């Protein structure tokens, strides 16, 4: 039952009593999907990373773990300086970035149109989704011995593994984004006289584009994972190869330096995708 409004002495309705400040504060704290200022977001992120670094510093310098297993930040920094000074860090980074850009570009160039057609046509979905589902459950790493037999240690072998690891996940995610395009948008396109191809290009693709870009950003992270695995096994250059070489000599500072550098590169790509997303789709609120 709704509360009975209060009236004054003359019978006029009175405004409801203001909500207690403590109750309003509690409701604000528990709000879901609440946006926060950009500088607050950045501050929380910096504090989170600083806390992780301080935990690493405390554990490694207090002798809680043997430095052979967890080197100190100073040792890792020195290993990074040595790695950079002899020129191999730049060469390893260049080789890895070229490989991932090639593999990811080829995978995405095929996954985007195929995913769009799977999303708009049940016939295409019926023909393509079963083999895609079948292959995507096969670990991409399991194909490494076979691709080494087929292609040796050439660059194409690494591109093939990247394609297997990324494409079959990517295409299904793109299909799902296309499927949720509101049907009224499509009908409106037909009402305006668009052809089927114009509806796909100017309505479906543009409506699904924000989700497709987010899919590319997520799949880029998977691509880095598979790249490092490939370079650990069948490469003679690259960041994964450098980590594997350091492991032979129990050079854990260099191993950790390589891992951290890969993380920094991955974050760089991630931020680049987010910047492009915010620039291309300013109408999409990301809650930041």
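So the values come out like this:
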item	result
Residue 70 vs. criteria out of contact with any strand residue (DSSP E or B) (no Cβ under 6 Å at 6 or more places or on another chain), in a helix (DSSP H, G or I) and either surrounded by 10 or more Cβ atoms within 10 Å (Cβ to Cβ) or assigned by TED's automatic domain parsing to the domain that holds residue 257 (or both)	no
Matching residues in region 229-253 - criterion: being closer than 14 Å to residue 95 by Cα and surrounded by fewer than 21 Cβ atoms within 10 Å (Cβ to Cβ)	232, 234, 236, 237
Extreme residue, modelled with the lowest pLDDT, among residues of region 57-67 that are within 23 Å of residue 248 (Cα to Cα) and surrounded by fewer than 17 Cβ atoms within 10 Å (Cβ to Cβ)	67
Residue satisfying condition, being under 25 Å from residue 148 (Cβ atoms) and assigned to a helix (DSSP H, G or I), within set 217, 242, 206, 202	242
One residue from 54, 49 being within 29 Å of residue 223 (Cα to Cα), within 34 Å of the chain's Cα centre (by Cα), modelled with pLDDT of 75 or more and not assigned by TED's automatic domain parsing to the domain that holds residue 264	49
Filter pass, residue 83 being surrounded by 12 or more Cβ atoms within 10 Å (Cβ to Cβ), outside the structural domain of residue 180 (by TED's automatic domain parsing), closer than 15 Å to residue 256 by Cα and in contact with a helix residue (DSSP H, G or I) (Cβ under 8 Å, 6 or more places away or on another chain)	no
Unique match (being under 22 Å from the mean Cα position of the chain (by Cα) and within 20 Å of residue 221 (Cα to Cα)) among 158, 179	158
Candidate set from region 113-151 (those that are closer than 24 Å to residue 236 by Cβ and touching a residue at least 12 places away in the same chain (Cβ under 8 Å)); member that is farthest from the chain's Cα centre (by Cα)	148
Cβ-Cβ under 9 Å pairs, at least 6 apart or on other chains, region 57-75 side in contact (Cβ under 8 Å) with a residue 60 or more places away in the chain, far side surrounded by 12 or more Cβ atoms within 10 Å (Cβ to Cβ) and in a loop (DSSP other than H, G, I, E, B)	75/67
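The values are calculated or read from the model by the stated rules, or taken from the named source; none is laboratory data. Keep in mind it's a predicted model, so treat the numbers as computed, not measured. Cβ atoms come from the backbone with ideal geometry, glycine included; neighbour counts cover every protein chain shown.
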